[in-house]
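Right, one structure below, let's go through it.
The values are calculated or read from the model by the stated rules, or taken from the named source; none is laboratory data. This is a predicted model, so every value here is computed, not measured. Don't worry about glycine lacking a Cβ; one is built from the backbone with ideal geometry, like all the others, and counts go over all protein chains shown.
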Amino acid sequence: MKNSKFLKLAAKLDRETLIAFNKYIKKLHKGEEVALSVFDYIRKLHPDLEDHPKLEISRAYLKIFNESLEDNPYNRTKLLNALSDLHLWLKDFLLLQKMKDNSFESLAIWGIMLKKMGLQEAFERHSSRLRSQLERMGRISVLDYMKGMVANYFFYYHLTRNKQEADISSLQDCSNDMDLFYAVSKLKIGCEMANRKNLMARDFEQEPITAVIELLKAKNLEDHLLLHLYLEVYRMIEKGEDRYACIEQLLTGNIRVIEPEELHTILSYMHNYASARIRKGHDEYWKMVHNLNKFTVAHGVFAGGGELSSIQFNNVITAASISGDFKWADVFMNSHKAYLNPDVQKNAITLAKAVMTFEKKAYKKALNILEEGEFRELFDVIRSRSLALRCLVELKDPAGVDIVEYCISFEGFLKRQKKRSWIVVKSTLNFIRMVEMIEKGKAEPDVLLEQINSTAEIFFKPWLIEKAKESRR
């Protein structure tokens with residue numbers, strides 16, 4: 001039953017919602033004994049509903065119906081049909097709960113129903129209520145700007161009577177709301193396209209946002225925080241302007257009035273930008289990233305975002321370790337490892353410990369820690385093997401390891417990857433080639449330094465420069 005849509009959805013319910021759903025189906029579907037029996041069995045295992053051994057289909061069927069799944073060819077179909085029914089019921093239940101929560105979405109759907117049924121006066125009153133609610137709420141996400149457009153669409157464009165009563169200033173408000181949504185959504189999409197172009201090293205030209213810039217200036221819309229933030233982010237990652245400190249200041253002063261998902265998105269853009277600067281040798285960004293991470297953790301952004309990726313987790317640990325803040329890194333690792341997916345948790349923690357150990361200059365110990373990991377994801381392999389290579393170089397005469405052969409093997413692995421055009425892969429390949437040149441000892445130090453400095457995208461540039469200078473001795 002691992003791939004059951006119902007189990008995946010039910011696993012996300014909190015206990016209170018699960019209890020409410022149990023009451024709901026026993027009242028509305030009391031005659032559906034098969035599905036109810038299946039649910040009674042499943043709910044006792046909540047929330048571990050995706051990989052629990054008791055949910056293996058043969059074992060579950062035997063426990064629920066006291067007979068073997070193989071006794072009748074129809075048995076499997078019976079169980080799968082019950083799960084399908086439960087999924088539909090849960091979907092209906094959650095939609096009903098949403099309709100009852102008096103949110104903007106529920107009010108919008110009710111407005112559509114009133115209009116469809118021809119209840120014009122009720123629809124007009126409801127549209128006014130919807131617009132009043134919009135005026136009271138703060139706009140902390142791009143979705144909020146879309147809600148403004150929807151509310152005004154109901155208020156002005158659906159009404160079939162009394163249109164002449166709408167005053168000019170109100171109509172202007174409607175126009176402004178549509179401009180706001182256009183501007184903020186266009187800017188956000190522009191940021192995402194620029195971010196992907198930088199990450200994947202894609203050479204494409206995106207449509208200029210000249211019209212958005214002119215609109216912002218003409219209507220003085222930069223006073224809207226989210227618009228201001230995305231405009232600064234766009235200038236930073238698309239235009240190459242150094243707006244990092246400005247964005248950090250805006251976030252620091254307004255974190256409570258930015259929706260968590262928007263905040264997470266903007267922080268991701270900042271991290272990617274800083275990573276690009278670090279690849280170009282600007283090591284001062286490590287400290288800036290670490291300060292941003294401390295600010296983010298202090299305000300619970302990672303915790304509030306749910307699951308934390310292995311990449312994010314180790315980005316935070318790496319920045320803290322390079323900044324020398326090992327105590328903070330250790331606290332973060334222990335407090336946030338629970339947010340990692342169980343499938344990646346062990347390797348993510350192993351890699352984090354190895355990074356911290358390397359930055360403490362315990363190179364042999366770092367290598368031993370890396371040997372405990374089983375890294376399969378591309379970015380994890382790149383991190384672990386790059387770190388291992390640096391450890392081998394630092395140890396100078398690692399027993400039983402030919403560093404040049406290690407470089408050739410690592411380079412061959414990366415060239416076989418489908419994502420070899422990604423900037424991370426390219427930067428790693430450039431790093432490996434420089435290490436190989438240093439280890440072979442055939443190039444003059446000045447030649448090495450010139451090549452390292454002239455390579456636009458390369459990991460660990462300051463470290464490579466240090467090793468190239470050491471080769472003079």
Among the residues of the range 77-102, the number that are farther than 15 Å from residue 42 by Cα and of a type in the set (A, V, I, L, M) is 5
List the pairs whose first member sits in the range 229-242 and is within 16 Å of residue 263 (Cα to Cα), whose second member is part of a helix (DSSP H, G or I) and among the basic types (Lys, Arg), and whose Cβ atoms are under 7 Å apart, counting only residues at least 6 apart or on separate chains?
230/188
Hey, among 86, 55, 107, which residue is buried (at least 17 other Cβ atoms within 10 Å of the Cβ) and in contact (Cβ under 8 Å) with a residue 60 or more places away in the chain?
86
Exactly one of (1) over 30 Å from residue 426 (Cβ atoms); (2) among the aliphatic types (A, V, I, L, M); (3) modelled with pLDDT of 85 or more is unmet by residue 221. Its number?
(3)
Candidates 104, 65, 93 - the one that is out of contact with any helix residue (DSSP H, G or I) (no Cβ under 6 Å at 6 or more places or on another chain) and among the aromatic types (Phe, Trp, Tyr)
65
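Among 104, 123, which is the only one that is within 30 Å of residue 255 (Cα to Cα), modelled with pLDDT of 85 or more and outside the structural domain of residue 10 (by TED's automatic domain parsing)? Break it down into steps so the answer makes sense when it comes.
Values: 123 fails: within 30 Å of residue 255 (Cα to Cα).
Within the list 104, 123, the selection yields 104.
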Within the range 301-310, is even one residue assigned to a helix (DSSP H, G or I) and modelled with pLDDT of 85 or more?
yes
Evaluate the following for residue 403: is it aliphatic (A, V, I, L, M), touching a helix residue (DSSP H, G or I) at 6+ places or on another chain (Cβ under 6 Å) and more than 25 Å from residue 286 (Cβ to Cβ)?
yes
For the range 2-50, which helices (runs of 4 or more DSSP H) that fit wholly inside it have 1 or more residues that are without any contact (Cβ under 8 Å) to a residue 12 or more places away in the chain?
15-28, 33-43
Could you say whether any residue in the range 276-286 is under 18 Å from residue 145 (Cα atoms), assigned to a helix (DSSP H, G or I) and touching a Ser or Thr at 6+ places or on another chain (Cβ under 6 Å)?
no
Number of the condition not met by residue 283 [criteria: (1) within 21 Å of residue 317 (Cα to Cα); (2) in contact with an Asp or Glu (Cβ under 6 Å, 6 or more places away or on another chain); (3) surrounded by fewer than 18 Cβ atoms within 10 Å (Cβ to Cβ)]:
(2)
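From 334, 272, grab the single residue that is assigned to a helix (DSSP H, G or I), free of Cβ contacts under 8 Å to residues at least 12 places away in the same chain and surrounded by fewer than 20 Cβ atoms within 10 Å (Cβ to Cβ).
Exactly one residue qualifies, and that residue is 334.
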How many residues does the range 362-383 contain that are free of Cβ contacts under 8 Å to residues at least 12 places away in the same chain and closer than 18 Å to residue 323 by Cα?
1
Residue 432 is checked against (1) among the β-branched types (Val, Ile, Thr); (2) in contact with a Gly (Cβ under 9 Å, 6 or more places away or on another chain); (3) crowded, with 19+ Cβ neighbours inside 10 Å and fails just one. What number does that condition carry?
(2)
